[in-house]
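Working notes, structure below.
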Amino acid sequence: MQESPTVQEFLAKRDFQGAITLLEILPDIPDSERKNRLAMHVLNVLGEEEEASIYAAKLINIPEDRLSIAALEYFKGNYREASEMYRNVSLHFGGVSAMDIYCAMSYYHLDSNDMAIELCEKYLKKHPDSILASNLKACCHYRLGNIKGAVDAISKVKDFEYQLPEAFRDIINHNVAVLRDGDGALQVWPQCKNNVPEARFNLTIYFLRNNNIRSSLELLKEIEPRTSQEIFIKANTYCAIGQEDNDDEAIEIAESLYYSIGSNESDCDTITGRQAMASYLILQKKYEEALVYLDSIKVYCSENDEFNANYGQIKAACGDFNGALEHLLYVTSETARNDFTYLACLAKCYVSTGHPDQAWELNTSAKTTEEVFALVQLVASSCYKNKYYGIAARAYHQATLLDPKNTHHWYGLRASIMGILKNITEKGLTDELEQQLSDSYKSLSTLKGMEDVDQFSRTLGAWARNREIYL
């Protein structure tokens, strides 16, 4: 005669319905503390929250029951409540090292990454081969922008990779691709998205960073975000759609999502919560207020490229070009450094802080002809406004070559050359001004056939000869 399966066998197969059937229908199984805990969790997984609450009410003030309640709060995403319960159990029932890692997991979801790292390190002193603790430590370091710390932590996990079940290997491989800034992501993340929920959201981030916004939006339609970080990713996607398509409705959705995180009592004091509120205020064009929120988390994000790029841009919007330049130059990722918005802001900061030559050199970093043209125009107008007429003339000349039918660029070139002449008249002829004048005069020869160019060139040449300046 075949024996009936045990509760443990049902749970091992994740057959929760079978487990609860065995627990409740078989009348000869007496009530017990263990049965109450198992029934509460299984019913909760099945979505039977009212039934689960009946068993939760039977739990008493013993460590096992209190830990079970804490685990349920964690499963529901109530991480603050879970962390407090784990901490209280540890205080009242003796120091159990597992409590450190449970608390650390809760702190990670609350964006309290420094506290989570501290608890992981405490746990690893007793259990140096803990894959869970090392992986969690790596995730926390990554959140803080400390890529080296994250790589060091995950490398210890890789040493035990061959011992891991498939689900754990998926987690490690997923995280390694994250640490490599998405290198190999399309080979890893789609295959492990069933075992690693974060894989879908990291795919959306990957698509966003590679300007594949439509794929990001399509992927988000498959999943419902639960955590503040996941909602933040969804908000970023709608923000990108709105800005690319000038879609006011998408921007409103992004604003609503950002505000829902930033104003939430559980999230408002986390890094994600303050980033979200800053993003909401930026979309509202309230840059000074946004800067207050970004300043409050700057110390935790000093090595994060995305934060430094955004922080620099908001500093520039507030007129603090020195502070903006400092943070823009902290960005190390080639992808981020070649982004047009980043380049445009960096160029403006270079000009505004007295480095027009470096602004001009950024043209080589633009990826497309359209971006080169836009950057050249920005450098031309910024340099002219700041009276760097030599670079302004060079940039307006380049713009004229790229768009010869637009006389605005020619007028800008002519005005810039007049600015050089004005400087010579007022300051006297220096080697630098003579070089600027000579370069500008020679550039006119590439514009033959354009209206007024020949006459202006002859007039400029005569002006120089009369002053014994040889061009």
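The values are calculated or read from the model by the stated rules, or taken from the named source; none is laboratory data. Everything numeric here is computed off the predicted structure, so don't read it as measured data. We place every Cβ from the backbone using ideal geometry, glycine too, and count neighbours over all the protein chains shown. Quick note on the areas: whole protein, heavy atoms, side chains included, nothing else; ligands and nucleic acids left out. Shrake-Rupley method; radii C 1.70, N 1.55, O 1.52, S 1.80 Å.
Taking the stated definitions as given, is LEU220 in contact with a Phe, Trp or Tyr (Cβ under 9 Å, 6 or more places away or on another chain), among the aliphatic types (A, V, I, L, M) and crowded, with 19+ Cβ neighbours inside 10 Å? Step through it out loud before you land on a result.
Values: in contact with a Phe, Trp or Tyr (Cβ under 9 Å, 6 or more places away or on another chain): yes; among the aliphatic types (A, V, I, L, M): yes; crowded, with 19+ Cβ neighbours inside 10 Å: yes.
Yes.
Please enumerate the residues belonging to the stretch 425-438 that are open to solvent by less than 60 Å² (accessible area, probe 1.4 Å) and part of a helix (DSSP H, G or I).
LEU433, GLN436, LEU437, SER438
State the number of residues belonging to the stretch 351-372 that are open to solvent by less than 60 Å² (accessible area, probe 1.4 Å) and at pLDDT below 95. Talk me through it step by step, then tell me what you get.
First, the residues of the stretch 351-372 that are open to solvent by less than 60 Å² (accessible area, probe 1.4 Å): 351-354, 356, 359-360, 362-363, 365-366, 368, 371-372.
Now narrow it down to the ones that are at pLDDT below 95: 362-363, 365-366, 368, 371-372.
Result for the stretch 351-372: 7.
Pairs needed: first member in the stretch 52-66, closer than 15 Å to MET99 by Cα; second member anywhere, of a type in the set (D, E, K, R) and open to solvent by less than 80 Å² (accessible area, probe 1.4 Å); C-beta distance under 9 Å; at least 6 residues apart or different chains.
Qualifying pairs under 9 Å: GLU64/ARG37; ASP65/ARG37.
For the stretch 229-238, does any single residue satisfy the condition of being of a type outside the set (A, V, I, L, M) and either at pLDDT below 90 or touching an Asp or Glu at 6+ places or on another chain (Cβ under 7 Å) (or both)?
So in the stretch 229-238, the residues of a type outside the set (A, V, I, L, M) come out as 229-230, 232, 234, 236-238.
Keeping just the survivors that are either at pLDDT below 90 or touching an Asp or Glu at 6+ places or on another chain (Cβ under 7 Å) (or both) gives 229-230.
Yes.
Could you say whether any residue in the stretch 194-208 is open to solvent by 50 Å² or more (accessible area, probe 1.4 Å) and among the basic types (Lys, Arg)? Outline the logic, then answer.
We begin by selecting, within the stretch 194-208, every residue open to solvent by 50 Å² or more (accessible area, probe 1.4 Å); these are 194-195, 197-198, 206.
Applying the additional criterion that residues be among the basic types (Lys, Arg) yields none.
So far as the stretch 194-208 goes, no, none of its residues is open to solvent by 50 Å² or more (accessible area, probe 1.4 Å) and among the basic types (Lys, Arg).
Mind listing whichever residues of the stretch 270-281 are open to solvent by 20 Å² or more (accessible area, probe 1.4 Å) and within 14 Å of VAL299 (Cα to Cα)?
Scanning the stretch 270-281 gives ILE271, ARG274, GLN275.
Checking VAL89 against (1) closer than 22 Å to PRO197 by Cα; (2) among the β-branched types (Val, Ile, Thr); (3) surrounded by 21 or more Cβ atoms within 10 Å (Cβ to Cβ): exactly one of these is not met. Which one?
(1)
Among residues belonging to the stretch 452-471 that are of a type in the set (A, V, I, L, M, F, W, C) and surrounded by 11 or more Cβ atoms within 10 Å (Cβ to Cβ), point out the one that is farthest from TRP410 (Cα to Cα). I'd like the intermediate steps shown before the answer.
The initial filter retains those residues of the stretch 452-471 that are of a type in the set (A, V, I, L, M, F, W, C), namely 453, 456, 460, 462-464, 469, 471.
In the following step, the residues that additionally are surrounded by 11 or more Cβ atoms within 10 Å (Cβ to Cβ) were identified as 453, 456, 460, 463-464, 469, 471.
Values: VAL453: 9, PHE456: 11, LEU460: 15, TRP463: 20, ALA464: 21, ILE469: 24, LEU471: 20 Å.
So, considering only residues that are of a type in the set (A, V, I, L, M, F, W, C) and surrounded by 11 or more Cβ atoms within 10 Å (Cβ to Cβ), the one farthest from TRP410 (Cα to Cα) is ILE469.
Of these, LYS405, LYS387, LYS422, which one is open to solvent by 70 Å² or more (accessible area, probe 1.4 Å), at positive phi and either part of a helix (DSSP H, G or I) or out of contact with any Leu (no Cβ under 9 Å at 6 or more places or on another chain) (or both)?
Numbers: LYS405 fails: at positive phi; LYS422 fails: at positive phi.
Answer to the selection: LYS387.
Applying the selection to the stretch 184-217, what residues are among the charged types (D, E, K, R) and either farther than 19 Å from GLU252 by Cα or assigned to a loop (DSSP other than H, G, I, E, B) (or both)?
Going through the stretch 184-217, the residues among the charged types (D, E, K, R) turn out to be 193, 198, 200, 209, 214.
If the condition is that a residue be among the charged types (D, E, K, R) and either farther than 19 Å from GLU252 by Cα or assigned to a loop (DSSP other than H, G, I, E, B) (or both), then LYS193, GLU198, ARG200, ARG209 are the ones that fit.
Please work out which residue is farthest from GLU84 (Cα to Cα), limiting yourself to the stretch 49-71 and to residues that are under 37 Å from the mean Cα position of the chain (by Cα) and surrounded by 17 or more Cβ atoms within 10 Å (Cβ to Cβ). Walk me through how you get there before you give the answer.
Step one: filter the stretch 49-71 for residues under 37 Å from the mean Cα position of the chain (by Cα), giving 49, 66-71.
Filter once more, so that each one left must be surrounded by 17 or more Cβ atoms within 10 Å (Cβ to Cβ): 66-71.
Details: ARG66: 11, LEU67: 11, SER68: 13, ILE69: 11, ALA70: 8, ALA71: 11 Å.
The extreme case among them is SER68.
Within the stretch 314-337, which residues are without any contact (Cβ under 8 Å) to a residue 40 or more places away in the chain, within 23 Å of GLU370 (Cα to Cα) and open to solvent by 50 Å² or more (accessible area, probe 1.4 Å)?
GLU334, ARG337
Just one of (1) open to solvent by 40 Å² or more (accessible area, probe 1.4 Å); (2) touching a residue at least 24 places away in the same chain (Cβ under 8 Å); (3) under 28 Å from VAL157 (Cβ atoms) trips up PHE232, so point out which.
Looking at each condition in turn, PHE232 falls short on (1).
Cβ-Cβ under 7 Å, sequence separation 6+ or interchain: first residue in the stretch 298-309 and closer than 16 Å to ALA276 by Cα, partner open to solvent by 70 Å² or more (accessible area, probe 1.4 Å) and not in a helix (DSSP H, G or I). Which pairs?
ASN308/TYR330
Looking at this structure, is LYS367 among the charged types (D, E, K, R), in contact with a Phe, Trp or Tyr (Cβ under 8 Å, 6 or more places away or on another chain) and outside any helix (DSSP H, G or I)? Spell out how you get there, then give the answer.
Numbers: among the charged types (D, E, K, R): yes; in contact with a Phe, Trp or Tyr (Cβ under 8 Å, 6 or more places away or on another chain): yes; outside any helix (DSSP H, G or I): yes.
Yes.
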